[in-house]
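Below: the structure, in structure tokens.
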């Protein structure tokens, strides 16, 4: 007797039960999708243009920038270093002169170097940091000596703003605009009075907006600087109509930075974590606390450096009803870090 | 027994009465500072509602005009031909009426005095006096330094004619010169029905009786605000429009204080018959500064649902978090379903509001809502426990208690717009009563949840009767000061058409008093600080300056005010109750110039239990009182 092979019996899963399994599977999928949306979709990251490149985003050659930065700040004798370009040599010599206490000559040499390569953010950043340190030390000395209205010596008066205004007039690029904007932010950091901070912030944001809205919408350094500017504007300030910005202005700019960083896969984990944390802070200011918490958690997972972890832990400890006040205090503290000013672009390439 | 014991054990702990032990004695007559207020009387065309229209004017302004260390008292009389009174404080528990010698009687020749504020308009270290009136030009008296005053109103350009009930000194642009903000109640002009033209609204010679508010909830036909900027050369300029203060509500009280901690004085305007207004000063971002009207999420000017009958405003940091909170009095009459009540607005971070600060009304939960028909109110720490208490006056029109006006008024409230404008259409008030027998409220702050550090919402217990505040006059202005420099805050209450009350704080007689600190700040306008393209400076009176006491248990902050709230000005010195002097870590002074000074450790603790004078740029000094001026140990007893 030949036994005929038994076809798989479809009726082994009754039609009703099969439908049930399908329903359960679909519900599980929907739940997963909802969960994923809650965790990521709600994070509101903006779309990044498909044609955006590292160069247009201002993120190309970060390794080379780091190397150049290390060289010009190096204390190793010049003969023992790889050969530097003439402009880099000028900047390096200027830094050396500043270290020897020859501020006037130092700044002049650095300016010469920058004029030879005006788009070089590493050189411009070095100049700003040197001027910042000199002005910071001068103000600290004036405070110690109880000088009521300190007046900067001529080489520091209106610097670095005056130099970058001149540079931008002669060589009008997105980089020189960025330098000038950051020089205004330096002014905010050095002077605690809101009456200085507010107009400086307006100047900086106007310049950065010119860069972003007129040709370089994906230029990350400008987006980051403008986002931080919005973030650090004290919530208690009341702005005239002309200078008012949307409540989520910081979140928009910083969100774009995060999205671009993710798309282009560049920047260190530390940089990504700092961006994510700042974005969380920006959402606090926009009144969206759950999104803020999500970004802080992302930052915590991105980088295990002690400073990032400690900063995130502090934020987790803020009760919702005090969160804005606590964030403002935290931002005040970070602006008060004058030994490591937040405008130091080295964060980008380090 | 076990059940009862279990119940007692499980029952919630009662609220602690820390701070409720406070007592006052009324001594106006025996101290020589009694004034029986005379009411304003308008033209006969308004007879039907004269009790309503003549229901304001009792005001008091307290300041040490002769720099002898003791706060003096200026009280207002509003009746035609009557004069205001200046009571000089001898410092021995008695006062002397020095009005005539000083030349500040300000007899009501054509109108009626309503309020007065003290402020040093020329920064010469002597307090000047600005008197505001209905139907008569306001008067600015310059202190000559010899006990006399000189009328400089016209030359200074501040002789405004109108109907102001609210006025304050502030330095809105922080240039080191005191500016003046006035708010008129009635409109300054009215339409002449015969010519159709707008003419002066003279309530003593009216061309029309259509002078009342157009609605009970959103009237905009009241008087205007006038902001006088002090040019620093003895003259003022009207900058009202430039500063953005051009609305026309029925304002009864105004307060200036830095509500968002940006260093610039903001304004809370308490309006009758419409929403209150909150203006934030844009000085930090704009030069010259302007005032930006805050619109609440419902689109109303103000900070939330305020019940449209703002009678008074006071600002102080009631929960010790470093931000000024706001107390606004209102109309509360449970018997007639007018359950609107006073409002205690707690200042809290809120990114949705301009200035980053939102306000939450906690009056009901905190026990400060029922103030009766409210008028002047003040924050003050009466028992030196480090927690601010509230004195809240009330009472509108006293009449026959068996015949009240509530039915008539409620009928009018439900009418549609414009039917209230004509005073002639109002029902006759006659001898009817309208919340005229109210007991005052003394809300003493208590520790709501003992041992719970997370609890930051203040709670209060009403204690007026046990504290000895038993009179039922119609209270208007209340000024708080340490008149006898014994470290406990006293009060002077101006009652409408009735005797004033001088309440001496006797809480600590025969007991070891809790600690206190009383600081008189003296700014130095010449020490201005250049900030960007402007120079910020403090006024001599240091209006807007802050003193903060930092202790192991938290902070207490006070801001110097140049006259705050309805018909009253408290003394310029700021007072702190310090229950534990050993917990004090440091004391800071934050000046309008931007200068911050700090005293730490033992130096700070050494100031406790003293009256201190802190001059800008110098170290604080303890004031030594002349022996003859020491407060008397025993005071004459009186009954209210």
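Here is how the numbers come out for the structure above:
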{"quantity": "Angstrom value of the Kirkwood radius, inverse mean 1/r, which spans all Cα pairs in the range B:84-240", "calculated": "17.0"}
{"quantity": "Prolate/oblate/rounded label for the range B:496-570 (Cα gyration tensor, a/c 1.5)", "calculated": "oblate"}
{"quantity": "Binned Cα-Cα distances of chain B, short to long, each 10 Å bin given as a whole percent", "calculated": "3, 17, 29, 28, 16, 5, 1, 0, 0"}
{"quantity": "Partner chain coverage, peptide A:236-249 - average Cβ within 10 angstrom", "calculated": "5"}
{"quantity": "Chain lengthening between residue B:621 and residue B:582 when straightened (0.36 nm per residue, less Cα-Cα)", "calculated": "12.1 nm"}
{"quantity": "Exercise: per-residue mean of other protein chain Cβ atoms within 10 Å, B:352-363", "calculated": "3"}
{"quantity": "Length gained when the stretch residue A:144-residue A:99 is fully extended (0.36 nm per residue, less Cα-Cα span)", "calculated": "14.0 nm"}
{"quantity": "Ranked packing of B:275-282, A:87-94, most packed first, by mean Cβ within 10 Å", "calculated": "B:275-282, A:87-94"}
{"quantity": "Per residue, the convex hull volume that the Cα atoms of the range A:169-239 enclose (Å³)", "calculated": "86"}
{"quantity": "Calculated FRET value between residue A:242 and residue A:169, using beta carbons and R₀ = 25 Å, to 0.05", "calculated": "0.55"}
{"quantity": "Inter-part distance where the range A:197-214 and the range B:117-159 are each reduced to a Cα centre, Å", "calculated": "47"}
{"quantity": "Relative counts (whole %) of C-alpha pair distances in the range B:440-525, using bins that are 10 Å wide", "calculated": "14, 33, 34, 17, 3"}
{"quantity": "Most to least packed among A:229-237, B:397-405 [average Cβ atoms within 10 Å]", "calculated": "A:229-237, B:397-405"}
{"quantity": "Segments B:228-240, B:121-133 sorted - mean Cβ within 10 Å per residue, highest first", "calculated": "B:121-133, B:228-240"}
{"quantity": "Cα-based radius of gyration of chain A once divided by 2.2 N^0.38 Å, which approximates compact folds", "calculated": "1.28"}
{"quantity": "Where labels lie 7 Å past Cα in the beta-carbon direction, separation of residue B:192 and residue A:322 in nm", "calculated": "6.5"}
{"quantity": "When the range A:264-350 is reduced to its Cα atoms, the Kirkwood hydrodynamic radius in Å", "calculated": "13.4"}
{"quantity": "Value of Rg to Rh for the range B:200-359 (Rh from inverse mean 1/r over Cα pairs, i.e. Kirkwood)", "calculated": "1.00"}
{"quantity": "Anisotropy class of the range B:369-506 from Cα gyration tensor, a/c 1.5 cut", "calculated": "prolate"}
{"quantity": "Over chain B, relative contact order from alpha-carbon pairs under 8 Å, at least 6 apart, %", "calculated": "17"}
{"quantity": "Over chain A, relative contact order from alpha-carbon pairs under 8 Å, at least 6 apart, %", "calculated": "17"}
{"quantity": "Helix-only CD estimate at 222 nm, as mean residue ellipticity for chain B, using -39500 (n - 2.57) per DSSP H run (n ≥ 4)", "calculated": "-1500 deg cm²/dmol"}
{"quantity": "Coarse-grained scattering of the protein assembly as shown at q = 0.06, 0.08, 0.10 Å⁻¹, given as base-10 log I(q)/I(0) from a Debye sum over alpha-carbon atoms", "calculated": "-0.53, -0.85, -1.17"}
{"quantity": "Förster-model FRET efficiency, 56 Å R0, residue B:360 and residue A:338, C-beta, rounded to 0.05", "calculated": "0.95"}
{"quantity": "Number of partner chain Cβ atoms within 10 Å, mean per residue of B:284-290", "calculated": "6"}
{"quantity": "Inter-probe distance in nm under a simple model that places probes 7 Å from Cα toward Cβ, at residue B:144 and residue B:295", "calculated": "5.3"}
{"quantity": "FRET efficiency estimate (nearest 0.05) - Cβ-Cβ, residue A:53 to residue B:413, R0 60 angstrom", "calculated": "0.30"}
{"quantity": "Shape box of the range B:128-182 [Cα atoms, principal axes, largest first, Å]", "calculated": "30, 28, 18"}
{"quantity": "Residue-span extension gain [residue B:200 to residue B:154] - 0.36 nm each, minus C-alpha spacing", "calculated": "14.7 nm"}
{"quantity": "Fraction of antiparallel bridges per DSSP, the range B:371-527 only, in percent to nearest 5", "calculated": "90"}
{"quantity": "Shape parameters for the range B:377-417, alpha-carbon atoms, Rg then Dmax in Å", "calculated": "18.0, 49"}
{"quantity": "Cα-based convex hull, the range A:122-170, per residue volume (Å³, whole number)", "calculated": "64"}
{"quantity": "Cα-Cα pairs of the range A:87-238 separated by more than 29 Å (percent)", "calculated": "19"}
{"quantity": "Distant alpha-carbon pairs in the range B:230-277 (separation over 15 angstrom), percent", "calculated": "61"}
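Every number here is computed from the coordinates shown, using simple stated rules; none is lab data. These numbers were taken from a predicted model, which means no experiment stands behind them. Neighbour counts run over all protein chains shown; Cβ positions are idealised from the backbone, glycine included.
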